[in-house]
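See structure below.
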Amino acid sequence: MSETPAAQSGQRPRGAAYDSVFLRAARNEPVPHTPVWFMRQAGRSLPEYLKVREGVPMLDACMRPDLVQEITLQPVRRHKVDAAIFFSDIVVPLKAVGIDVEIKGGVGPVIADPIRTRADLQRLRPLEPDDMPYITEAVGLLVAELGATPLIGFAGAPFTLASYLIEGGPSKSYENTKAMMYGEPELWAELVDRLAQITSAFLKIQIEAGASAVQLFDSWAGALAPDEYRRSVMPASAKVFDAVEPFGVPRIHFGVNTGELLGLMGQAGADIVGVDWRVPLDEAANRVGPGKGLQGNLDPAVLYAPTHVVETKAREVLHAAQALGGSHHIFNLGHGVMPTMDPDALTRLVAFVHEASAR
Ligand SMILES: Cc1c2[nH]c(c1CCC(=O)O)Cc1[nH]c(c(CCC(=O)O)c1C)Cc1[nH]c(c(CCC(=O)O)c1C)Cc1[nH]c(c(C)c1CCC(=O)O)C2
């Protein structure tokens, strides 16, 4: 399927969410308050999520547009966040190209046959737009329902996806991943190049169906030294950002423990860099450099403290963001909502950020 005229021309029809606070902040335009949403805002912290997921395996839920719509909307209705994030997972496109992957609750993605050799790499075919009709349908339903609230599409970045494919599941030391990256650089380059195609295609499907921003999650890139990131990972991530640039939607890039990589993650092509809680936003602004926005960066664990502590820490984030000068800040946690988090604390935090940042 050829690219739409919009993608070819680089022009996109302006959707109902174009003038939303979230998208105006993403474009560094004046806003009445700082927009806020939460990574992992859908999920097990919400009783209503647990109810609709009863008896439905995670990846099956991701392929059911009716469930994707309901689960994506739940945190928007409850918390009144300024953006929705598409309920899917970073391994959904891997399943679509034939990888035997399952998601184990409390663990994460598990891959039966890890990719370790060139022969294994043949199992990873390119992603075609027609491979995921359920994504196109789900995004279309959501954009119609969300109206002026923007929908953020997302995908996993090549390194983080490669780490699951090579390790066969979550890892703390990534020894098999790094062994290929250091010891078989040509095989590594072929793998992350193929993953850049799959990720780009997944994001294009979401954007063409109506997503008005995208986030590229390189959650585990913090395991890398800057030189290795620049040499072995950044080119593949840059291919993804270049591939979606013609659509003109804001591109957010996030990883955990990436304080030493923030500048490079911006240089890869992000318009906005996500920051975890370890680097204050004013310092992060120095590392990322001018012309890019920041997203974050409250420590998620703060939400387990009393409300007055949450508000004090949230105010510190807002004050540090003022170092950016304009409105180029989107409030978020420094990583995702945790399953045991009190959803009411998140609802209170949204109201506080709106009130404390009112211009
Ligand atoms: C690394 C990563 C994954 N998936 C994702 C990342 C990057 C974001 C991050 O760093 O947290 C991305 C992701 N996964 C999910 C979303 C949607 C978030 C949202 O709807 O707000 C997003 C953005 C749904 C999900 N993806 C997953 C869940 C939990 C599923 C469940 O048990 O109900 C959800 C809501 C499963 C998953 N999927 C993955 C992990 C590590 C897990 C385990 C989570 C856990 O069980 O504690 C891989």
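The values are calculated or read from the model by the stated rules, or taken from the named source; none is laboratory data. Everything quoted here is computed from the prediction, not taken from an experiment. For neighbour counting, all protein chains shown are included, and Cβ atoms are generated from backbone atoms with ideal geometry for every residue, glycine included. Heads up: the accessible areas ignore ligands, DNA and RNA and are worked out on the full protein's heavy atoms, side chains in. Shrake-Rupley method; radii C 1.70, N 1.55, O 1.52, S 1.80 Å.
A few comments on the model shown:
- Distant-in-sequence amide H partners of Val101 (H built 1.01 Å from N, under 5 Å): none
- Charge tally around Arg348: other residues with Cβ under 12 Å, Lys/Arg +1 each, Asp/Glu -1 each, net -2.
- 3J(HN,Hα) along the stretch 198-206, derived from phi through the Karplus expression 6.51 cos²θ - 1.76 cosθ + 1.60 where θ = phi - 60°, amounts to 5, 5, 4, 5, 5, 5, 4, 4, 5 Hz, with x in place of Gly and Pro.
- The stretch 158-180-the stretch 226-240 distance, computed between alpha-carbon centres (Å): 15
- Overall form of the stretch 181-242: prolate. Here a/c, set by the Cα gyration tensor axes a ≥ b ≥ c, is 1.5 or more, and a/b is the larger of a/b and b/c.
- Our note on the geometry: Cα centres of the stretch 318-359 and the stretch 15-86, 15 Å apart.
- 3J(HN,Hα) couplings calculated from phi for the stretch 23-35 with the Karplus curve 6.51 cos²θ - 1.76 cosθ + 1.60 (θ = phi - 60°) are, in sequence order, 6, 5, 5, 4, 8, 6, 9, x, 9, x, 7, 6, x Hz; Gly and Pro show x.
- Degrees, to the nearest 10: 133-146 long Cα axis against longest axis of the chain: 10
- Each residue of the stretch 52-60 was assigned a 3J(HN,Hα) from its phi angle through the Karplus curve 6.51 cos²θ - 1.76 cosθ + 1.60 (θ = phi - 60°); the sequence is 6, 7, 3, x, 10, x, 3, 5, 5 Hz, with glycine and proline shown as x.
- Prolate/oblate/rounded label for the chain (Cα gyration tensor, a/c 1.5): rounded
- Net charge contributed by nearby residues that have their C-beta within less than 15 Å of Val275 (K/R +1, D/E -1): -4
- Local electrostatic count at Ser20 - Lys and Arg +1, Asp and Glu -1, tallied over other residues with Cβ under 14 Å: +1
- For the stretch 76-203, Kirkwood radius (reciprocal of mean inverse C-alpha pair distance, Å): 15.9
- Tensor-based shape of the stretch 301-359 (alpha-carbon gyration tensor, a/c under 1.5 rounded, otherwise prolate or oblate): prolate
- Amide H within-cut-off set for Gly293, under 5 Å, with H built and near neighbours excluded: Ile272, Val273
- Average accessible surface area per residue within the chain, 1.4 Å rolling probe, Å²: 40
- For the chain, the mean residue ellipticity at 222 nm estimated from helices alone is -13500 deg cm²/dmol, where every DSSP H run of n ≥ 4 contributes -39500 (n - 2.57) and the total is divided by all residues, rounded to the nearest 500.
- Using a Gaussian network model of the chain in which every pair of alpha carbons under 10 angstrom is joined by a spring, one finds that among Ser45, Ser88, Ser171 the greatest mean-square fluctuation is at Ser171.
- Basic side chains Lys and Arg get +1 at the Cβ, acidic Asp and Glu get -1 at the Cβ, and with that the dipole of the chain about its Cα centre reaches some 500 debye.
- Residue among Ile111, Gln74, Leu121 farthest towards the positive dipole end of the stretch 53-125, charges placed on Cβ: Leu121
- Rolling a 1.4 angstrom probe over the chain with all protein chains present gives an accessible area of which 52% lies on carbon and sulfur atoms.
- GNM top mover of Asn28, Asn332, Asn297 - the chain, alpha-carbon springs below 10 Å: Asn28
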